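The values are calculated or read from the model by the stated rules, or taken from the named source; none is laboratory data. Predicted model only: the values in this text are computed from it and were never measured. So basically every Cβ, Gly included, is an ideal-geometry build from the backbone, and we count neighbours across all protein chains shown.
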Amino acid sequence: MPFATALTRQLGIKIPVVQGGMQWVGYAELASAVSNAGGLGILTALTQPSPADLRKEIQRCKTMTPHPFGVNLTLLPALVPPDYHGYAQAIIDEGIRIVETAGNSPGPVIRQLKAAGCTVLHKCTTVRHARSAVALGVDFLSIDGFECAGHVGESDVTNFILLSRARQSLTVPFIASGGFADGQGLAAALALGAEGINMGTRFMCTIEAPIHHNVKVAIVEAQETDTELVLRRWRNTSRLFANKVAKEAVKAERESVSGKFEDVAPFVSGKRGREVFVNGDVDHGVWTAGQVIGLIHDIPSCQELVERIEREAEETLDKASSLIVGRGSRPQGKQPPPGEVGKNMNNPGAEMWGIGKTKI
Ligand SMILES: Cc1cc2nc3c(=O)[nH]c(=O)nc-3n(C[C@H](O)[C@H](O)[C@H](O)COP(=O)(O)O)c2cc1C
């Protein structure tokens, strides 16, 4: 049964599942397969060498699905930044009206996209950044917990806290990103107040993901502990698959006396990481994966995966609501005497610790 959330209604999709932007993975093969399965597929703009190439990739994707799909535009610090406005204009001119933005100083690009009538989902790892994005007029936040693949931010707050903080303090709808692979996860995200989920690593491990089969097998064989965090020293922390090179990068970062990025740079080459996805040598360079690798045990088609997530979420929510007994006749427990209302009867020491104080 299709879900109806703010996300499905606004994007015109059947299942509230988004495939997040993925560098060197987010091509038309994957994005169209996710959209055909009822979720939202997303092309990754910067996998294309120029805005003109992005136009062609969008056109290719349109021939592969009649359903809505989006484009991710990630703004990262670079000595020579890509032509972000050119990419945004290509997205707009090609009639794409759903854009996932991520990264630093997204203001000018978000304004450009909003002026053209795009629905913008902005991905961020803190409530503070989410609030700044709300002020820029984004339509949805994609809240990326510390579990996630790639740029985890510097706050290290996992989704159990982050999603509830989002629910408590944001004025626009949000989706949950990082650590999701199944319908139980979707049900949990909905329960915490999200309008859907965003997945990266899980979609890498599908038949249609245009990367070497060996990478998918490495994910299936990995456990949740098989990731490494690199570049923390330079406040640009990334979660990587814990292969040989990632472990060497961590060691070089820890042991660098100069504290200069140059000491680690050879280990974290983006070029070598990209080559892994083509040549299938999983130790050839670093590549991104989230802790959710521990929950991934197969390589399904996107259709099978999305259908399974839908079914599991429905079963989980049904099961959870069946746990509520005696609706309409709430059991009358022991009532506190007058004057004691609001005090913690089970833990009288609680007040001493200020438990119950409202967070501002
Ligand atoms: C291989 C890979 C590449 C990624 N590249 C990008 C990127 O270029 N831009 C971006 O915003 N997020 C990127 N991400 C993050 C995903 O969009 C998503 O936020 C993240 O994977 C969610 O965590 P999960 O892997 O636990 O599902 C990447 C993730 C992976 C696995």
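A compact table of results
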{"item": "Matching residues in the range 209-230 - criterion: being away from the ligand (no atom under 12 Å from the Cβ), among the acidic types (D, E) and in a loop (DSSP other than H, G, I, E, B)", "result": "D226"}
{"item": "Inter-residue pairs, beta-carbon under 9 Å, first part of a loop (DSSP other than H, G, I, E, B) and in the range 189-206, second of a type in the set (S, T, Y) and more than 8 Å from the ligand (Cβ to nearest atom), 6+ apart", "result": "L192/S164; G193/S164; A194/T5; E195/T5; E195/T8; G196/T5; G196/T8; T206/S301"}
{"item": "Test: residue in the range 14-27 that is assigned to a helix (DSSP H, G or I) and away from the ligand (no atom under 16 Å from the Cβ)", "result": "no"}
{"item": "Residue list for the range 101-142, restricted to those being within 16 Å of the ligand (Cβ to nearest atom), assigned to a helix (DSSP H, G or I) and closer than 24 Å to G185 by Cβ", "result": "H129, A130, A133"}
{"item": "Residue within the range 32-48 that is surrounded by fewer than 18 Cβ atoms within 10 Å (Cβ to Cβ) and over 29 Å from R128 (Cβ atoms) present", "result": "no"}
{"item": "Among the candidates L141, L73, L136, residue that is modelled with pLDDT of 95 or more, among the hydrophobic types (A, V, I, L, M, F, W, C) and touching an Asp or Glu at 6+ places or on another chain (Cβ under 9 Å)", "result": "L73"}
{"item": "Residue match in the range 226-249 (condition: closer than 21 Å to A31 by Cα, under 22 Å from the mean Cα position of the chain (by Cα) and small (G, A, S))", "result": "no"}
{"item": "V268 more than 10 Å from the ligand (Cβ to nearest atom) and over 24 Å from I207 (Cα atoms)", "result": "yes"}
{"item": "Count - residues of the range 51-71 that are of a type in the set (K, R) and closer than 14 Å to Q89 by Cα", "result": "2"}
{"item": "Of all residues in the range 43-100 being part of a loop (DSSP other than H, G, I, E, B) and under 21 Å from L11 (Cα atoms), the one that is nearest to the ligand (Cβ to nearest atom)", "result": "I96"}
{"item": "Tabulated pairs, the range 287-300, first in contact (Cβ under 8 Å) with a residue 40 or more places away in the chain, second aromatic (F, W, Y) and near the ligand (Cβ under 10 Å from one of its atoms), C-beta under 6 angstrom, 6+ apart or interchain", "result": "W287/F241; A289/F241"}
{"item": "Filtered residue count, the range 143-157, keeping only those that are out of contact with any helix residue (DSSP H, G or I) (no Cβ under 9 Å at 6 or more places or on another chain) and within 12 Å of the ligand (Cβ to nearest atom)", "result": "3"}
{"item": "Criterion violated by T206 - all others in (1) within 13 Å of the ligand (Cβ to nearest atom); (2) within 22 Å of A320 (Cα to Cα) satisfied", "result": "(2)"}
{"item": "Verdict on E253 being free of Cβ contacts under 8 Å to residues at least 40 places away in the same chain, under 27 Å from V34 (Cβ atoms), assigned to a helix (DSSP H, G or I) and more than 19 Å from the chain's Cα centre (by Cα)", "result": "no"}
{"item": "Residues within the range 169-185 that are within 9 Å of the ligand (Cβ to nearest atom) and part of a strand (DSSP E or B), tallied", "result": "1"}
